[in-house]
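Each remark here refers to the structure printed beneath this line.
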Amino acid sequence: MPQIPEKIHELTVGQLAARSGAAVSALHFYESKGLISSRRTSGNQRRFSRDALRRVAFVRAAQRVGIPLATIREALSELPEGRTPTRDDWARLSASWRSELDERIKQLNRLRDHLTDCIGCGCLSLDTCVLSNPDDAFGETRAGSRLLVEGKSPDQAGRTCAPTPANCD
């Protein structure tokens, strides 16, 4: 990893990419989304302050755990005077994101646990299919997945038979 002399207070986009491990295109994207900022030289070249390294590290760490960029941008905008996030900032923000991540993990575990059943079925018409019938929305009234017709209740949508699956077409 290239070292930047202490006397250099601004980085080119190439230097920032080399030090942060992010591609130049990713840095341009982060800048377009307001996650990092640069100034332009008289030759219209980008220059990033050294604290952009910490902001990029913050953004990449948050992305790795699945935090959407809009949420990251919102968190960064709440910092006083647009300052670079500190260790305390990360601790506070990551704690607030924890419940959202726990819910996603729960959903992914549920999907993983039921994926084999759906693939084995082949038609996605399992009584309690978590892919085509999340939370078993129709489990009380019918078996299998059904396409809802807009404006009809689950009891009216697409039913052309008696309530038992054996009588359905």
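Is there a residue being closer than 26 Å to His9 by Cβ, basic (Lys, Arg) and at pLDDT below 85 anywhere in region 82-89? Can you show your working first?
Step one: filter region 82-89 for residues closer than 26 Å to His9 by Cβ, giving 82-89.
Keeping just the survivors that are basic (Lys, Arg) gives 83, 87.
Next, from what is left, pick out any that are at pLDDT below 85: 83.
Yes - at least one qualifying residue is present in region 82-89.
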Checklist outcome for this item: For region 28-54 the number of residues that are under 19 Å from the mean Cα position of the chain (by Cα) and either open to solvent by 30 Å² or more (accessible area, probe 1.4 Å) or more than 24 Å from Ala91 (Cα to Cα) (or both) is 5
Next on the checklist: Any residue in region 77-99 that is farther than 17 Å from Arg64 by Cβ and of a type in the set (Val, Ile, Thr) sitting within a Cβ distance under 8 Å of a residue that is open to solvent by 60 Å² or more (accessible area, probe 1.4 Å) and assigned to a helix (DSSP H, G or I)? List the pairs, counting only those 6 or more apart or interchain.
Outcome noted: Thr84/Arg54
Checklist entry - Out of all the residues in region 9-37, which are within 16 Å of Arg50 (Cα to Cα) and of a type in the set (S, T, N, Q)? => result Thr12, Gln15, Ser20, Ser37
Checklist entry - Which number in (1) touching a strand residue (DSSP E or B) at 6+ places or on another chain (Cβ under 6 Å); (2) of a type in the set (A, V, I, L, M, F, W, C); (3) under 30 Å from Ser99 (Cβ atoms) marks the one condition that Phe48 misses? => result (3)
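Does Arg142 qualify as being under 22 Å from the mean Cα position of the chain (by Cα) and either basic (Lys, Arg) or modelled with pLDDT under 60 (or both)? Explain how you work it out, then say what you get.
Details: under 22 Å from the mean Cα position of the chain (by Cα): no; either basic (Lys, Arg) or modelled with pLDDT under 60 (or both): yes.
Considered against the rule, which asks whether it is under 22 Å from the mean Cα position of the chain (by Cα) and either basic (Lys, Arg) or modelled with pLDDT under 60 (or both), Arg142 comes out as no.
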Checklist entry - Counting just the residues of region 57-94 that are assigned to a loop (DSSP other than H, G, I, E, B) and open to solvent by 80 Å² or more (accessible area, probe 1.4 Å), which one comes out farthest from Gln107 (Cα to Cα)? => result Arg83
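The values are calculated or read from the model by the stated rules, or taken from the named source; none is laboratory data. As the structure is a computational prediction, the values presented were derived from the model and not from experiment. Virtual Cβ from ideal backbone geometry, glycine too; neighbours counted across all protein chains shown. The area values use the complete protein model at the heavy-atom level, side chains included, leaving out ligands, DNA and RNA. Shrake-Rupley method; radii C 1.70, N 1.55, O 1.52, S 1.80 Å.
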